[in-house]
Amino acid sequence: MTDIKRLRDCNRRVLFCFVFFTVWEAISGHIRYSIPEEMQKGSFVGNIVKDLGLDTKEFSDRGVRIVSRGKRQYFALNVKSGYLYSTERIDREQICGQMEKCLLNFEVLVKDKAKLFAVEVEITDINDNEPRFQEDELEFRISELVAVGTRYSLEGAQDPDIGINSVQGYNLTSNKHFSLDVQTGADGDKYAELVLEKSLDREEQDVHDLILTATDGGDPVRSGTAQIRVVVLDANDNAPVFSQPVYKVSVLENVPVGSLLLTVNATDPDEAINSEVTYSLRKMKDKASQIFQVDSKTGEISTVGNLDYEEAALYEMEIQAKDVGDLWARSKVLIAVIDINDNEPQITVTSVTNSVSEDSPPGTVIVFIHLHDLDSGENGDVICSIPPNLPFRLQKSFDNYYSLVSDRALDRERVSDYNVTITATDRGTPPLSSTTTILVQLSDINDNAPIFNQTSYTLYITENNPRGASVCSLKANDPDSGENARVTYSITGTQNQEAPLPSSISINSETGALYALRSFDYEQFREIRFQVQAQDGGSPPLSSNVSVTLFILDQNDNSPHILHPSFPTDGSTGVELAPRSSEPGYLVTKVVAVDADSGQNAWLSYQLLRATEPGLFSVGLHSGEIRTARSFVDKDALKQSLVVLVKDNGQPPLSATATVTVVVADRISEILSDLSSLSAPADPQSSLTLYLVIAVASVSCLFFTFILVLLALRLRRWRNSQLFDSSSVTFSGVPVSQFVGIDGVRAFLHSYSYEGSLTRNSRKSQFNFPKSNYSNTLTSQQTCEIKYPVSISADLKSGEGEQKFVQVSLLLFFFFFLTTFMCFRNRKYLFIVKPIVFFGTITNYFLMLE
């Protein structure tokens, strides 16, 4: 039900907005609108385009905007349609309180015309607040001697709304002793009085409970209630009397909290306890109740909060004096607040343009300035000024609006921007002032080309660099500003045809950082020459070029290459001959090697790495010459194999080896018989591979043979066990009760055990059948007769064969281990280990089963 009422209330508000919406355009450029409070955010207020007489198509181009005076912006302007709409829900009571008219003022600025139009929006009241009593429960203590017709003033209900939406009447629940009399005061407020219609009899009823209802005149009607409790007392027939009907006092707004404002006095002609009077404040607004208080015993009125002339200049309330018999009197209290100069002027700056071109003529409007002081009178009169010796001046527009305009020609090359300090001073005593500083920037024209920090650049990069590596960052400066100073970089041309520039170098157009697009090779090309252009963003753009030379630095990435001796490819032996009669230092041959690198990376050194006869030959450290170190002796071998290590001087060093075969003989005829043995040696690794492959094939065959033999032995053992079970065995002298069913046989067999001893290679065996441990199963005198005894000699032979088979299996497992060890010694043949390990594991498993 409550939601339906709220929906109807919302519909009435919208209807009220469209029906009672009015627009007045007063003389002197003022525009007025009227809207109800509590409208939804974004609600339509007025058509600014139509009211200003502007064209809708030109509206957005004219730079029309709202200039607000206060701290909060309640309205916004749609620059496309020209409609004025609310930016938030507006509460009239929060903004204007009990003021009859609630007005919100702001200005509309038309930039291209440099004009301001004042706009005034009136916020009308709607019935959105219910009447509310200051106290929910009122208590009256009335003597039973009070005469019929006595009136008791009731506390009025407070309704934040105004006009017809405020409190319009009061109602009292039906009661035979009391009635309600509602009167209208000179100010239009309703006052309710409780009237005694029938004499009270405390012995008949000592307490009367009544309900007072206050209603407003809105649609729908809102109401508030308070409970009245009447306590009937005895014999107090004189009410207090104040010394004056109205108390007035004026106080400065800056009085400290707790200051005494005035003292009221009321007397009661009664005696003793009936003459004691207590004071209380009545009919205070919510704000006033937080500022003032009264001492209930002395009648001293003091402050408990801060006074502010700008919030309220006058406070009106009632002071009530009541004795113990609930007889009371009331007087009015008026507190006037005196304004002091306690608010600094407020400066609001509205920019017309973001920057001023240096070629702007004098009189160009730069910003609009609005001055506002919350104080009144001379305290709120404000003057505005700026420092001298600036190329600007202040020009008053209307009311408290000023415009800052240029006063003479501007030159950005001398001063690029100005900090203009605006000072606003009021005429109070002492005067208060406030300042604000605005930055006036001068825009530039494009009259300077970018300039590089160097006339040319020489760069270096090491070869084998990663792709995308940063080479260097070029920098060009432009003394202009803004877009005219934004520099972009590009590569315009190359002078090196060996290295294609687009695939070698790139530049970041924003930062000027050079990047390598490829990994450079010093052996292919050693430098790249190109030009870089820096261009600004002006119109027309200006540019400058710079030459860049990029040198590629060498890196030790090439191993030495052996030219001599070369590996023979025509079937010859490729050996060197050394006469036996050679003296020490005889030149046998020379190892020749080259390195594609340069510098110290290409410096080669030679050393003898391995020789058949150590100490027989020596190698020159830098020449590579192989010479005899001593004379030959008879025990020296005919063929000498030398391994020479060739190493460069790079970091880390790279090396290569050359194998030289030297035959020690005086004549060729002496070695003709041994030429066959001097042929190029076979690769030992290839022979080892062949042996390992043969080993794997042999292991596989032995494994499958082992499996077949093991299955045959298992099958033979199973057959013998079947024959033993099917043979005819009879037992005599054993009670039948011991062999009932299969379970009985099992019990019998489990009750006997035998011992057997076998002698290897003796072909003799012995079995001992011990006596039974159970007398109830088979006695010692009972004998057993076995028909078709089983032969034991065959089983003994079978045991000897299995023992030999185990020995062979152990040898086979040792062969697995030896083959695996050889493969691990040569890691390139690890692929052979997998089948060997697999067969070895299966074999070990079956051996464990045996």
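The values are calculated or read from the model by the stated rules, or taken from the named source; none is laboratory data. Being a predicted model, the structure only gives us computed values, none of them experimental. In this analysis, Cβ positions are derived from the backbone assuming ideal geometry, glycine residues included, and neighbour counts consider all displayed protein chains. These area figures cover heavy atoms from the full protein model, side chains too; ligands, DNA and RNA do not enter into them. Shrake-Rupley method; radii C 1.70, N 1.55, O 1.52, S 1.80 Å.
Within region 326-337, is even one residue part of a strand (DSSP E or B) and under 30 Å from GLU483 (Cβ atoms)? Reasoning before the result, please.
Filtering region 326-337 down to residues part of a strand (DSSP E or B) leaves 328-337.
In the following step, the residues that additionally are under 30 Å from GLU483 (Cβ atoms) were identified as none.
Taking every residue of region 326-337 in turn, none turns out to be part of a strand (DSSP E or B) and under 30 Å from GLU483 (Cβ atoms).
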- Task: Output the residue which, of all residues in region 255-270 that are modelled with pLDDT under 90 and surrounded by 16 or more Cβ atoms within 10 Å (Cβ to Cβ), is farthest from the chain's Cα centre (by Cα).
- Result: ASP270
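Is it the case, given these coordinates, that ASN236 is at pLDDT below 90 and either over 60 Å from the mean Cα position of the chain (by Cα) or part of a loop (DSSP other than H, G, I, E, B) (or both)? Step through it out loud before you land on a result.
Details: at pLDDT below 90: yes; either over 60 Å from the mean Cα position of the chain (by Cα) or part of a loop (DSSP other than H, G, I, E, B) (or both): yes.
Here the answer is yes, as ASN236 does meet what is asked.
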- Task: Could you tell me which of the residues GLU576, GLU583, GLU625 is in contact (Cβ under 8 Å) with a residue 60 or more places away in the chain and either among the small types (Gly, Ala, Ser) or farther than 30 Å from ASN477 by Cβ (or both)?
- Result: GLU576
- Item | Among (1) more than 30 Å from LEU553 (Cα to Cα); (2) open to solvent by 40 Å² or more (accessible area, probe 1.4 Å), the one test that PRO450 misses | (2)
- Message: If ARG62 satisfies all but one of (1) modelled with pLDDT under 80; (2) of a type outside the set (Ser, Thr, Tyr); (3) crowded, with 19+ Cβ neighbours inside 10 Å, what's the number of the condition it fails?
- Response: (3)
- Subset of region 342-386, residues open to solvent by 30 Å² or more (accessible area, probe 1.4 Å) and acidic (Asp, Glu), comes to ASP342, GLU344, ASP359, GLU378, ASP381
- Query: Just to be sure, is GLY537 on the phi > 0 side of the Ramachandran plot and either aliphatic (A, V, I, L, M) or modelled with pLDDT of 85 or more (or both)?
  - Reply: no
- Message: I need every pair where a residue in region 324-339 that is farther than 22 Å from ASP308 by Cα and open to solvent by less than 10 Å² (accessible area, probe 1.4 Å) has its Cβ under 6 Å from the Cβ of a residue that is assigned to a loop (DSSP other than H, G, I, E, B) and at pLDDT 90 or above, sequence separation at least 6 or different chains.
- Response: SER331/PRO245
- Message: Go through (1) part of a loop (DSSP other than H, G, I, E, B); (2) without any contact (Cβ under 8 Å) to a residue 12 or more places away in the chain for SER618 and report which single condition fails.
- Response: (1)
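Listed here are the residues, each with its yes/no results for (1) modelled with pLDDT of 90 or more; (2) in contact with a strand residue (DSSP E or B) (Cβ under 7 Å, 6 or more places away or on another chain); (3) part of a helix (DSSP H, G or I).
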position: PRO614; (1), (2), (3): no, no, no
position: PRO653; (1), (2), (3): yes, yes, no
position: THR689; (1), (2), (3): no, no, yes
position: VAL693; (1), (2), (3): no, no, yes
position: ALA697; (1), (2), (3): no, no, yes
position: LEU702; (1), (2), (3): no, no, yes
position: PHE706; (1), (2), (3): no, no, yes
- Note on the structure: Given (1) under 30 Å from ASN236 (Cα atoms); (2) outside any loop (DSSP other than H, G, I, E, B), VAL148 misses just (2)
- Query: If a residue has to be open to solvent by less than 70 Å² (accessible area, probe 1.4 Å) and part of a loop (DSSP other than H, G, I, E, B) to count, how many in region 542-570 make the cut?
  - Reply: 9
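Conditions (1) surrounded by 19 or more Cβ atoms within 10 Å (Cβ to Cβ); (2) of a type in the set (A, V, I, L, M, F, W, C), marked per residue:
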| position | (1), (2) |
| --- | --- |
| ARG72 | no, no |
| GLY82 | yes, no |
| ILE90 | yes, yes |
| LYS101 | no, no |
| ASP128 | no, no |
- Kindly provide the set of residues from region 173-232 that are modelled with pLDDT under 85, open to solvent by less than 60 Å² (accessible area, probe 1.4 Å) and charged (D, E, K, R), ordered by number. LYS190
- Note on the structure: Checked region 389-447 for anything in contact with a strand residue (DSSP E or B) (Cβ under 7 Å, 6 or more places away or on another chain), open to solvent by 30 Å² or more (accessible area, probe 1.4 Å), among the aliphatic types (A, V, I, L, M) and not in a strand (DSSP E or B); matches are LEU390, LEU432
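Name the residues in region 147-159 that are under 16 Å from LYS322 (Cβ atoms) and open to solvent by less than 20 Å² (accessible area, probe 1.4 Å), would you? I'd like the intermediate steps shown before the answer.
Taking region 147-159 first, the residues under 16 Å from LYS322 (Cβ atoms) are 150-155.
Those that are under 16 Å from LYS322 (Cβ atoms) and open to solvent by less than 20 Å² (accessible area, probe 1.4 Å): TYR152, LEU154, GLU155.
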- Query: Are any of the residues in region 524-533 surrounded by fewer than 16 Cβ atoms within 10 Å (Cβ to Cβ), assigned to a loop (DSSP other than H, G, I, E, B) and on the phi < 0 side of the Ramachandran plot?
  - Reply: yes
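Give me a count of the residues in region 309-323 that are open to solvent by less than 50 Å² (accessible area, probe 1.4 Å) and assigned to a loop (DSSP other than H, G, I, E, B). So that I can check it myself, show each step before the final result.
Initially, region 309-323 is screened for residues open to solvent by less than 50 Å² (accessible area, probe 1.4 Å), giving 312-313, 315, 317-321, 323.
Filter once more, keeping what is assigned to a loop (DSSP other than H, G, I, E, B): 312-313.
Going through region 309-323 one residue at a time, the tally reaches 2.
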- Task: Please verify whether region 506-519 includes one or more residues that are assigned to a loop (DSSP other than H, G, I, E, B), at pLDDT 90 or above and open to solvent by less than 20 Å² (accessible area, probe 1.4 Å).
- Result: yes
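Considering only region 285-308, state which residues are part of a loop (DSSP other than H, G, I, E, B), polar (S, T, N, Q) and within 23 Å of ASP161 (Cα to Cα).
Of region 285-308, the ones part of a loop (DSSP other than H, G, I, E, B) are 285, 290-291, 295-299, 304-308.
Filter again for polar (S, T, N, Q), leaving 290, 296, 298, 306.
Listed by number, the list holds a single entry, GLN290.
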- Query: Would it be correct to say that GLY585 is on the phi > 0 side of the Ramachandran plot, open to solvent by 30 Å² or more (accessible area, probe 1.4 Å) and in contact with a Lys or Arg (Cβ under 7 Å, 6 or more places away or on another chain)?
  - Reply: yes
